[in-house]
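The values are calculated or read from the model by the stated rules, or taken from the named source; none is laboratory data. Source: prediction; values computed, not measured. A quick note on method: Cβ atoms are made from the backbone with ideal geometry, for glycine too, and the neighbour counts reach across all protein chains shown.
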Amino acid sequence: MLVKQFYTEHLRDFNIAIITAILIILSITDLLPEIFLIDTALIAALIGGFPIYSSAVRALLFQRKTKIGLLVTIAMIAAISIGEYLAAAEVAFIMIIGELLETYSVRKSAKALEHLLHIVPTEARKVSAIHDSAETIISTNEIKIGDILLVKPGERIPADGSVVAGNTFVDESPLTGESKSVEKCIGESVFGGSLNQSQAIYVQVDKVGEDSLIGRVLQLVKKAQEEKAPIQRIIDRVASWFVPMSVTIAAIVFLVTQDIVRAVTVLIVFCPCGMLLSTPTAVMTAVGRGAQLGILIKGAQALESISKVKTIIFDKTGTLTKGEPEVIDIVVTDSEWNQKRLYEVAASLEGFSEHHIAKAITKAATKNGITWELASEWETVAGIGMEGTVNGVKVFIGNEKVLEHLQEEIPKTAIDTRKIWDDTGHTTIYIVHKDKLVGMIAIDDPIRENALATVRELRKAKIQDIRMATGDNEYVAKRIATRLEIGNVYASLLPGQKLDLVKELQKSGHKVLMVGDGINDAPALMQADVGVAMGKTGTDVAIEAADIALLSDSIDKIPQAIQLSKRTVNTIKTNLWLANGINVLALIAAAYGWIGPVMAAIVHNFGAIIVVLNSLRLYRFHRQKKQDHSIIEQELIIGRT
């Protein structure tokens, strides 16, 4: 299918190659040495060289750029001028075939990415209400935000949304790279293109088109593939010297040897196509492979930078922990209040927020059958919590920093309760009403099962400086860090303080990778040498600020991203050695007359194709993950604790 599509898209070049090949054969065999009294080989050179010299001339006249095709054009003109018509024709033919092979190889590496476009169904079952038996089949292009869709078992989900009825297992592997099916219940998010495996569900659409997960992946990956890595920009500057340098060297060879054929051969072999292809082919293949594995790399800069990282800073909630917190306990600290009223006020404020803890509180309120109205004059205080007006009175909810609004001491019973919660690793949320502490909520967010294994794997990858920076209190942060063998812990940090931490480390010479998921992580994610955001549970702000998004929210993808980056950098270096090595050897051979123009063209294209094929090996990249039973056992212990 790919071959047929590729042939159709490049029909002109294929036809030119076929015509050129036929004319060369007719010339070599003397079956038709001339056409209209013009040498057949010359006609072959003119027809075969048309795509090359027309492109070079357009670049020179309209873009003021000396493309490498200009060097090939000069070489062909030089060959024709000395009567080497057959050599010029064969150079043109080999160049066309070489470029087609290079383009096909690159196209193949992008094919996996294009597959994402085809996993979203073309039609959807729209219903007017949940459990409505009357369904309308519509095109996925007609789906709008707020529509309710029925998705039956065995069907792919047509758009991003949340489950409003039904429970099922969903295969998200085409999007996240995770083969394990994910259970989806009411209120949980699903993504367009994922496969519904077990039960019928109703999905309310919340994102369509370019705002959907697939839409964003395609936009960002295409942008990343077009972006030039720092090493590529250096190569581009060097390449601009090649045309005048090659002409100069060819002239020197002619002056020394008095052999015009050698000079022409030097011109042909000097083209640095392999060098120019060494970086973009590797970057494009690596970015595409990363997307397949659920690692969305937004640019070549990030792909190159992550291989140099020596310091990693993890946020806690939603990053090292699952980001699925639950309300464990709720305590009333004021005699005029009760649990029902606490839930009402807490949900009134947290109903505005997308933070994991806010969702846990509103979910618990709903589970307890409590209804509420959203607060008025509300405001999010990053790194602290929420404030707003409930029933005409100012209310604050958040971490211990909201206690600054108290005008009286904290009751001893509240202090004792907090100590118990701290010792058990729970996060404490405070509610302050009329400058009094009226209640406390205990939140538990389990550690991710693969967190400890990830930390150990990073250390095996020679990244010893692993830190945690969180807005949570010191007791909870240290308890989590101890269990994950993380020594450096920064607790109770505001967004600006996380940013300052990254800056301070960078001033000390650290190459910093920051991992986070919330709005409060966005400044640090942008400042870090490489920012990594959780793609599913992370906020849109964090994802936009980061350089890499983990579509499956599995932090064990971080070592994989580092491995992919290092493999890509090594591939680029290998490509450069191969391309330049072949060119140097061929240049020496051309100068000494050991190879002629035709062999020079063959060697030139051989080098370029070798570079492309070496880059395509990244498409087969898989993680070299080593785990022992002790790690797995400790992870199971963490999961049960």
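For segment 343-366, state whether one or more residues are out of contact with any Lys or Arg (no Cβ under 7 Å at 6 or more places or on another chain), surrounded by fewer than 14 Cβ atoms within 10 Å (Cβ to Cβ) and not charged (D, E, K, R). The answer is no; no qualifying residue exists.
Look at (1) without any contact (Cβ under 8 Å) to a residue 24 or more places away in the chain; (2) closer than 30 Å to A75 by Cα; (3) small (G, A, S) and you find that S246 fails only one, number (1).
Within segment 481-517, the set of residues being touching a strand residue (DSSP E or B) at 6+ places or on another chain (Cβ under 8 Å), assigned to a helix (DSSP H, G or I) and either among the basic types (K, R) or within 17 Å of N399 (Cα to Cα) (or both) comprises R483, Q497, K498.
When K434, K412, K498 are checked against the criterion of being of a type in the set (K, R) and surrounded by 22 or more Cβ atoms within 10 Å (Cβ to Cβ), a single residue qualifies: K498. In segment 1-21, the residues that are assigned by TED's automatic domain parsing to the domain that holds I43 and closer than 16 Å to G48 by Cβ reach residues that are at pLDDT 85 or above and β-branched (V, I, T) with C-beta atoms within less than 7 angstrom, at least six apart or across chains, in these pairs: I16/I47; I19/I47; T20/I47. Being farther than 25 Å from K367 by Cα and either at pLDDT below 90 or touching a Lys or Arg at 6+ places or on another chain (Cβ under 6 Å) (or both): is that true of H131 here? No: the conditions fail for H131. Counting only residues that are in a helix (DSSP H, G or I) and more than 14 Å from Y85 (Cβ to Cβ), which one in segment 26-55 is modelled with the highest pLDDT? Once the filter is applied, the top-ranked residue is F50. When each of V381, V432, V395, V402 is tested for being under 18 Å from W337 (Cα atoms), within 41 Å of the chain's Cα centre (by Cα), among the hydrophobic types (A, V, I, L, M, F, W, C) and assigned by TED's automatic domain parsing to the domain that holds R341, the lone residue that passes is V395. In segment 498-526, the residues that are within 18 Å of I558 (Cβ to Cβ) and in contact (Cβ under 8 Å) with a residue 24 or more places away in the chain form Cβ pairs under 7 Å with partners that are of a type in the set (V, I, T) and part of a helix (DSSP H, G or I), at six or more places apart or across chains, as follows: V512/V502; L513/I306; M514/V502; V515/T319; V515/I558; G516/T319; D517/T319; A524/V502. Before we move on, is S348 among the polar types (S, T, N, Q) and free of Cβ contacts under 8 Å to residues at least 12 places away in the same chain? Criteria not met by S348.
Every condition in (1) modelled with pLDDT under 90; (2) in contact with a Leu (Cβ under 9 Å, 6 or more places away or on another chain); (3) closer than 20 Å to I384 by Cα; (4) not β-branched (V, I, T) holds for G439 except the one numbered (1).
Each residue in segment 483-495 was checked for being surrounded by fewer than 15 Cβ atoms within 10 Å (Cβ to Cβ) and modelled with pLDDT of 90 or more, and 2 of them qualify. If you go through segment 318-356 and keep only what is of a type in the set (D, E) and closer than 17 Å to G516 by Cα, you end up with E324, E354.
Would you check if A586 is in contact with an Asp or Glu (Cβ under 7 Å, 6 or more places away or on another chain) and either in a helix (DSSP H, G or I) or not charged (D, E, K, R) (or both)? No: the conditions fail for A586. In the set I548, I558, only one residue is under 30 Å from L499 (Cβ atoms), modelled with pLDDT of 90 or more and β-branched (V, I, T); that residue is I558.
This table checks each residue for (1) assigned by TED's automatic domain parsing to the domain that holds A87; (2) farther than 30 Å from A561 by Cβ; (3) at pLDDT 85 or above.
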{"position": "I249", "(1), (2), (3)": "yes, yes, yes"}
{"position": "F254", "(1), (2), (3)": "yes, yes, yes"}
{"position": "A263", "(1), (2), (3)": "yes, yes, yes"}
{"position": "V269", "(1), (2), (3)": "yes, yes, no"}
{"position": "M275", "(1), (2), (3)": "yes, no, no"}
{"position": "S278", "(1), (2), (3)": "yes, no, no"}
{"position": "Q301", "(1), (2), (3)": "no, no, no"}
{"position": "E304", "(1), (2), (3)": "no, no, no"}
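You will find that of A461, A453, A442, the residue that is surrounded by fewer than 17 Cβ atoms within 10 Å (Cβ to Cβ), touching a residue at least 40 places away in the same chain (Cβ under 8 Å) and aliphatic (A, V, I, L, M) is A461 and no other. Quick check on A21: is it assigned to a helix (DSSP H, G or I) and at pLDDT 85 or above? In short, yes.
Selection within segment 365-393: residues that are in contact (Cβ under 8 Å) with a residue 12 or more places away in the chain and of a type in the set (D, E, K, R). The member of this set that is nearest to G471 (Cα to Cα) is E387.
Picking from residues in segment 122-176 that are basic (K, R) and over 30 Å from the mean Cα position of the chain (by Cα), the one that is farthest from G215 (Cα to Cα) is K152.
Residue count for segment 303-322 under the criterion of being among the small types (G, A, S) and buried (at least 24 other Cβ atoms within 10 Å of the Cβ): the result is 1. Provide a single number: the residues in segment 357-378 that are within 23 Å of E404 (Cα to Cα) and within 34 Å of the chain's Cα centre (by Cα). Here the count works out to 3.
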